[in-house]
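Contents: one structure, followed by commentary.
The values are calculated or read from the model by the stated rules, or taken from the named source; none is laboratory data. Keep in mind it's a predicted model, so treat the numbers as computed, not measured. Every residue, glycine among them, receives a Cβ derived from its backbone with ideal geometry; neighbour counts consider all protein chains shown. These accessible areas exclude ligands, DNA and RNA; they are computed on the full protein's heavy atoms, side chains included. Shrake-Rupley method; radii C 1.70, N 1.55, O 1.52, S 1.80 Å.
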Amino acid sequence: MYMIEWKNILRGMAMGASDVIPGVSGGTLALILGIYYRLLSAISLLFSRQWKQQLGFLIPLGLGMGTAILSLAHLLEWLLAEHPQPTFFFFFGLILGTIPFILYKVNYKTNFKKHHYAILLIAAVIVLLSGLFQGDEEAAVIATGSAGSFATLFFSGWLASTAMILPGISGSFVLVIIGVYQTVINALTELNLPVLFTFGVGVLVGISIMSKLLRYLLRAHTVGTYAVITGLLLGSLYVIFPGLNDGVIAFIISLVMFATGLFLALFLGRIDRTRAV
């Protein structure tokens with residue numbers, strides 16, 4: 001028998017809320033909540049003979065995450081439809097505020113060498129180029145039932161699941177870069193089962209395969225891994241920037257939302273630093 005750790009429902013709700021919002025990482029919240037390395041271990045062991053022992057930890061965590069994701073999906077869909085500029089400025093502030101947290105975690109002033117800066121730059125350029133050629137895939141993914149559309153959703157789930165368990169990079173942020181974020185949010189609000197099933201299978205496959213790889217990379221190539229994460233975040237600032245075209249009032253609101261996102265990310269990073277002391 002295994003004991004159900006019911007307090008993980010609240011932890012899961014915090015992580016689920018963070019995973020819906022581009023710029024806030026579920027992995028970062030797991031670090032702050034003190035369960036990150038146990039989470040990685042539990043996910044890895046879930047696909048071994050010890051899977052039953054992990055259920056008491058993972059089931060309430062999953063329930064909390066699912067509740068938060070479904071609860072916030074409607075709100076985010078409305079915000080993106082009615083107030084896209086302030087919403088994306090909030091995301092922009094979150095992503096920008098996460099970068100100091102990542103650099104602190106890896107102690108970049110001491111540990112970054114020339115090749116790490118090169119890795120960072122390459123990762124940033126890749127994301128920037130993905131933004132230049134992103135186009136309007138989101139409507140196509142929803143509107144068509146082609147094999148290509150569902151393949152995109154599957155691999156989007158795979159990549160997003162990888163990001164979800166990396167501290168500092170958000171799974172939702174990955175979906176924004178790929179161009180399927182609003183598709184997934186819409187599927188959650190409309191309960192579009194084909195889209196959710198395809199995306200969900202991608203998430204499960206991604207987690208099952210990537211959790212072990214991420215444990216290895218974070219243990220054996222910590223600095224290089226964080227250099228890649230930092231580059232991804234820097235490049236995403238271009239992808240996420242919504243422009244300024246909605247008038248003076250919207251500009252002021254956008255600045256307030258940007259400052260709110262920035263403060264929230266810096267505050268969460270500050271909590272993690274306090275825990276580490």
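Just to be sure I understand the filter: pairs with C-beta atoms under 6 Å, separated by 6 or more residues or on different chains, first member in the stretch 63-86 and without any contact (Cβ under 8 Å) to a residue 24 or more places away in the chain, second member crowded, with 17+ Cβ neighbours inside 10 Å and among the β-branched types (Val, Ile, Thr). Which pairs pass?
Hits for this filter: 79/87.
Given (1) more than 16 Å from residue 264 (Cβ to Cβ); (2) surrounded by 15 or more Cβ atoms within 10 Å (Cβ to Cβ); (3) among the β-branched types (Val, Ile, Thr), where does residue 4 come up short, assuming only one miss?
With (1) more than 16 Å from residue 264 (Cβ to Cβ); (2) surrounded by 15 or more Cβ atoms within 10 Å (Cβ to Cβ); (3) among the β-branched types (Val, Ile, Thr) applied to residue 4, the lone miss is (2).
In this structure, does residue 225 turn out to be open to solvent by less than 50 Å² (accessible area, probe 1.4 Å), in contact (Cβ under 8 Å) with a residue 60 or more places away in the chain and on the phi < 0 side of the Ramachandran plot?
Criteria not met by residue 225.
Which numbered condition in (1) crowded, with 22+ Cβ neighbours inside 10 Å; (2) more than 25 Å from residue 112 (Cα to Cα); (3) assigned by the TED database to the domain that holds residue 153; (4) not aromatic (Phe, Trp, Tyr) is the only one that residue 201 fails?
The single condition residue 201 does not satisfy is (1).
Every residue, every condition in (1) buried (at least 22 other Cβ atoms within 10 Å of the Cβ); (2) at pLDDT below 85; (3) under 22 Å from residue 79 (Cα atoms), yes or no:
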{"residue": "154", "(1), (2), (3)": "no, no, no"}
{"residue": "174", "(1), (2), (3)": "yes, yes, yes"}
{"residue": "193", "(1), (2), (3)": "no, no, no"}
{"residue": "210", "(1), (2), (3)": "no, yes, no"}
{"residue": "218", "(1), (2), (3)": "no, yes, no"}
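Within the stretch 43-53, is there a residue that is modelled with pLDDT of 75 or more and under 15 Å from the mean Cα position of the chain (by Cα)?
no
When the stretch 183-222 is examined, which residues are found to be among the charged types (D, E, K, R) and either under 19 Å from the mean Cα position of the chain (by Cα) or farther than 25 Å from residue 81 by Cβ (or both)?
Within the stretch 183-222, 212, 215, 219 qualify.
Quick one: how many residues across the stretch 88-105 are farther than 10 Å from residue 262 by Cβ and within 16 Å of the chain's Cα centre (by Cα)?
5
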